[in-house]
Each structure stands twice: as structure tokens, then as C-alpha cells.
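First up is the structure itself, then whatever we jot down about it.
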Amino acid sequence: LISDAEFSGFTVTGSGTGSTDVGIWVTGGDPVVRNNKVHGNRNGIQLRSGTNALVCGNRVYDNGTFGQVDEGLSVVSSAPLVSNNYIYRNPIGLYIGQATSDGARAINNTVVENGEGIRCERSSPTVKNNICANNTQVGVRAFFGNATPQLSYNIVWGNPTDYIASSTGIATPGTGSISADPEFDVTVPDEFSLLATSPCIDAGDPS
């Protein structure tokens, strides 16, 4: 198992087109994956098999083929901290699956312009302080196996459907949740910086 390791500052692209092709694949251990650009892969970043990685400050975009179940950043049977990432224009932005991912935490991410924004399948992770906006299918999906993500202080807006609970899943916006335009500065494409009037500012968990 990998520990005390960091993968940082890389551009990762062109992994291939097979269903198992991934830009960055972490299995087990607790490495840091920080400040990378991950794009043009079949799947962007996958965290599997009990990893407790810290995944932060990455840009994960333009991976996969729309219409396929391809993912920008996925967590399977793991409990990482996924924070402060920009995840955009992937078929599924952030996927968290299996009950053994219940300890996963997705905090302070910007998840925009994907097909599905955040999908929790058979899992009940902490999903807090995220912007989940302008995805083309759904903002947050709780899917199958009594998936019950612990949602709070997210801004979910501009998706055809903001929250979907299907096949025994439960999707409740939770404390501090907002439904309003996050007000990105459109003069700087793909930066997703906020205008001074954005309702996101100072709207996260006060603790």
C-alpha cells in the first residue's frame, strides 16, 4: 500500500478509450493527489479498494463520452477526502459507490456542466459545501441500495432536476442548502470564480 506519497502538478491525458482506462488510478493506501489537470481520458481519477487518499485542488474535465457511464472522479469502496476540485464536462462528475464508501467526504468542490453532477450509489458519504450547477441531466442523484448521502450547505442550481432519489435512494438537500444562481464570472471561462454578489460567499458550514 502507498503511503507518504504525493502525485502533484501533472497534466494527465490520453489514457485510452477502454472502459477500464483511467488517467489516475489509486488502489489502497493514503497518497495525496493534488493540483493536477486530468482531461481527455476515458475516466479521470478513480479511487478504489480502501484508499484514504487526499484528492484536492485538481481540475478534472472533458473526460469520457457523453451517453456512456464514464466518470470524472469516482470513489469505490474507499473513504478519501475529495476537496477543492473543479470537476466539469464529464458524463458523471463525481461518483461515490458502495456502502464501504460511507466514510468518503466530498467538501468544497465545484461540480458543473457534467451530465450528472454527483451520483451516490449504494453509499452515504458526506457531501458538503459544494457547488453543483448547470449539469445537463441532474444535480445530485441518490441511486440504489438505500443510498443516503449526508447533504448540507451545498448550492445546487440550474440542473434540469436538482435532486433525484431513485431505486430506494434518498436525496434530501439538508441543512444550509441553497437553490440559487452561484453567479460565476463568465468573463473568465472555465475558472468558475464567483462574482462579489454570489450567494455562495460565506454560505458554507460555519463550523
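Rule-based calculations on the coordinates, nothing more; no lab input. None of these values were measured; they are calculated from a predicted model. Cβ atoms come from the backbone with ideal geometry, glycine included; neighbour counts cover every protein chain shown.
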Run the paramagnetic zone check for VAL186: 7 angstrom along Cα to Cβ, then residues of the range 104-127 with backbone nitrogen under 15 Å. 113
Find, to one decimal place in angstroms, the Kirkwood hydrodynamic radius of the chain, where the mean of 1/r is taken over every pair of different Cα atoms and then inverted. 16.5
Ordered by packing density, taken as the mean number of other Cβ atoms within 10 Å over each peptide's residues, highest first, how do 58-71, 108-121 rank? 108-121, 58-71
Tell me, what ³J(HN,Hα) does each residue in the range 129-146 have, in order and in whole Hz, if you take phi through Karplus 6.51 cos²θ - 1.76 cosθ + 1.60 with θ = phi - 60° and put x for Gly and Pro? 6, 9, 9, 10, 9, 6, 7, 7, 10, 7, x, 10, 10, 9, 10, 6, x, 6
Under the Karplus relation with 6.51, -1.76 and 1.60 and θ = phi - 60°, whole-Hz ³J(HN,Hα) for the range 32-47, x at Gly and Pro, equal 9, 10, 9, 6, 9, 10, 10, 8, x, 10, 5, 10, x, 10, 10, 10
Scalar couplings 3J(HN,Hα) for the range 111-128 by Karplus 6.51 cos²θ - 1.76 cosθ + 1.60 (θ = phi - 60°), nearest whole Hz, x for Gly and Pro, are 10, 9, 6, 8, x, 9, x, 10, 10, 10, 10, 6, 9, 9, x, 8, 10, 9
Taking every alpha carbon pair in the range 13-74 and sorting the distances into 5 angstrom bins from 0 up to the bin holding the longest one, the percent per bin comes out as 5, 21, 29, 23, 16, 5, 0
When all Cα-Cα pair distances of the range 105-188 are considered, the percent exceeding 23 Å is 13
So for the range 72-128, using the alpha carbon gyration tensor with a ≥ b ≥ c as root eigenvalues (a/c under 1.5 gives rounded; past that, a/b versus b/c decides prolate or oblate), I'd call it oblate
Percent relative contact order of the chain, based on C-alpha pairs within less than 8 angstrom and at least six residues apart? 11
Compute the distance from the alpha-carbon center of the range 77-99 to that of the range 123-182, in whole Å. 13
Give the long-range amide H neighbours of VAL12: residues separated by 5 or more places, or on another chain, with amide H under 5 Å away, using H modelled in the peptide plane at 1.01 Å from N. LYS37, VAL38, HIS39
Amide H within-cut-off set for SER177, under 5 Å, with H built and near neighbours excluded: TYR153, ASN154
